[in-house]
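Student: Would you mind keeping the following structure in view while I ask a few things?
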Amino acid sequence: MYSRVGQRSWSSAFARVIVPVVLALGPGSACAQDSDTIRQYQFAPAAGSYELVLKEVPRPVAGDNEVLVRVRATSLNRRDLNQLRSEYSDDWSYAGGIPLSDGAGEVIAVGKDVTRFDVGDRVAGIFFEQWIDGAPSEAALASDRGGNAGGMLSEVIVTNEAGLVSIPDHLSFEEAATLPCAAVTAWVGLFKRGRIEPGQYVLLQGTGGVSVFGLIFADALGAKPIITSSRDYKLERAREMGAIGTANYRSNPDWHLEAKQISGGHGLDQVLDVGGRGTLARSLEVLAYGGHIALIGGLAGYGSDIPTNAIMWINATVSGVYVGSRADFEAMNAFISEHEIRPLIDRVFDFEDAPAAYELMESGDFMGKIVIRL
Ligand SMILES: NC(=O)c1ccc[n+]([C@@H]2O[C@H](COP(=O)([O-])OP(=O)(O)OC[C@H]3O[C@@H](n4cnc5c(N)ncnc54)[C@H](OP(=O)(O)O)[C@@H]3O)[C@@H](O)[C@H]2O)c1
């Protein structure tokens, strides 16, 4: 459990716990497996933002093409925190919805027409429940779990069988729960859009979920990852994980020039730009000839005065990445299995402490992924 003297109580910050009767059965009990009711968190409007409420609800039933999954672990992404702060929507459309896009668990029931899975299979949900392959449709992009579609912070979820992937054998549920958003995004940015090659210089910004997956993937491929952070202890850890160089973007405003220097003046062949407005111009300034930037995030604001001439002069490619499809997830899983890759999990919280996981993300005092076990 995460707690820290001097921090505001999580119950006032992010949660209102409506104590359900089944709480007394405790985590990991048979309740979710067998009972008529399950526990799940829901978004509830609260003073201009959302809070989490823990509720007891009827156990879902699988339709003909649907699967029931006993969720064993979920993980947080920056989006989940932004949703709670109501940064994406102020129309309260999430109210009553289940938070968190990412989760992994075990199939416990299948509908009569289900062909892809059997009871007992280990699975993870894909980020967009309806984006299977190819380019996304408007409908596919409106099927984001933990937003328009139901999320994973629930003991049991029901989902169309098409919206799941099998998880790599060597990963625990907690590790697999970190993959659907951050890992797929990093994978698509580097491999599908960037066509990364061994030996290339790769710039990762900050040590959050997407960037640390970028570091792990680049290292596994034999590329040369360079990563930034606001905290030196995280940079030290990143070097242990395979970063060939690091820069502290807080103490050195010219962190991008430091990164280029680390590349011996070559420049960065691949950039996963998660900073947005505060980083994009710098990313472009140090991009290698023919380099690629994946536009992923807005940690330092969205929008930019992009120097478009610079993109042209150096024959650069800039791609927008919005997570990816089931096919992308499966291609990434093959790479993860081949290289026996393990995600970096910072801390694991119990289901009852889920709001504290959000507090940790808000504090910034983490590296890689934050997980909640169920
Ligand atoms: N387009 C997509 O499909 C997609 C998918 C996933 C995420 N995203 C977006 O990508 C961004 C990262 O998401 P995430 O889930 O990986 O976040 P996260 O896990 O919460 O990572 C946050 C970390 O980023 C670093 N950071 C914060 N401000 C920064 C800045 N100005 N410059 C460089 N690094 C900074 C900090 O690392 P240090 O503590 O090391 O400084 C911070 O701990 C977010 O904007 C998110 O919305 C987009």
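Rule-based calculations on the coordinates, nothing more; no lab input. From a predicted model like this one, the values you see are computed outputs, not experimental measurements. Glycine gets a Cβ as well: all are built from the backbone with ideal geometry, and neighbour counts include every protein chain shown.
Student: Placing +1 at every Lys and Arg Cβ and -1 at every Asp and Glu Cβ, with all other atoms neutral, what dipole size does the range 147-197 have around its Cα centre, in debye to the nearest 20?
Tutor: Around 380 debye, computed over the range 147-197.
Student: Around residue 137, with a cut-off of 15 angstrom between Cβ atoms, what is the net charge of the other residues, counting Lys and Arg +1 and Asp and Glu -1?
Tutor: With Lys, Arg at +1 and Asp, Glu at -1, the net is -3.
Student: Please give me the summed charge of the neighbours of residue 119: other residues whose Cβ is under 11 Å from its Cβ, Lys and Arg +1, Asp and Glu -1.
Tutor: Cβ neighbours under 11 Å give a net charge of -2.
Student: While we're here: If I stretch the segment between residue 261 and residue 118 completely, what's the gain in nm (0.36 nm per residue apart, minus their alpha carbon distance), one decimal?
Tutor: Details: separation 143, 0.36 × 143 = 51.48 nm, distance 5.25 nm.
Length gained between residue 261 and residue 118: 46.2 nm.
Student: Now a separate question. Taking the alpha-carbon distance from residue 224 and a cut-off under 25 Å, which lysines remain once sequence neighbours fewer than 8 residues away in the same chain are dropped?
Tutor: Leaving aside lysines fewer than 8 places away in the same chain, those within reach of residue 224 are 192, 234, 260, 369.
Student: In debye, nearest 20, what is the charge dipole magnitude of the chain about its Cα centre with +1 on Lys and Arg Cβ and -1 on Asp and Glu Cβ, if you could check?
Tutor: Its charge dipole is roughly 760 debye.
Student: Please give the helix 354-363 orientation as an angle from the longest Cα principal axis of the chain, in degrees from 0 to 90, rounded to the nearest 10.
Tutor: 20 degrees
Student: Compute the projected area of the convex hull of the Cα atoms of the range 74-113, averaged over all viewing directions, and report it in nm² to one decimal place.
Tutor: Computed as one quarter of the Cα hull surface, the answer is 4.3 nm².
Student: If you take the charge dipole of the chain about its Cα centre, with +1 on Lys and Arg Cβ and -1 on Asp and Glu Cβ, which of 148, 280, 100 is farthest toward its positive end?
Tutor: 280
Student: Would you calculate, for the chain, the mean residue ellipticity at 222 nm contributed by helices, counting each DSSP H stretch of 4 or more residues as -39,500 (n - 2.57) and dividing by all residues, to the nearest 500?
Tutor: About -6000 deg cm²/dmol.
Student: Let me ask you something else. Out of 209, 109, 374, whose Cα points farthest toward the positive end of the dipole of the chain (charges: +1 Lys, Arg; -1 Asp, Glu; placed on Cβ)?
Tutor: Comparing the listed Cα positions along the dipole, 209 ranks first.
Student: Pulled fully out, how much extra length does the chain show between residue 309 and residue 197, if you take 0.36 nm times their separation in residues and subtract their Cα-Cα distance? Numbers along the way, then the final one.
Tutor: Numbers: separation 112, 0.36 × 112 = 40.32 nm, distance 2.57 nm.
In short, 37.7 nm is gained.
Student: When you count, for each residue, the other Cβ atoms within 10 Å and take the mean per peptide, how do 326-338, 209-221 rank with the highest first?
Tutor: 209-221, 326-338
Student: Mind pulling the angle between the C-alpha long axis of helix 209-221 and the longest principal axis of the chain? Nearest 10 degrees, somewhere in 0 to 90.
Tutor: 60 degrees
Student: Please report, in cubic angstrom per residue, the volume enclosed by the convex hull of the alpha-carbon atoms of the range 233-313.
Tutor: That works out to 98 Å³ per residue.
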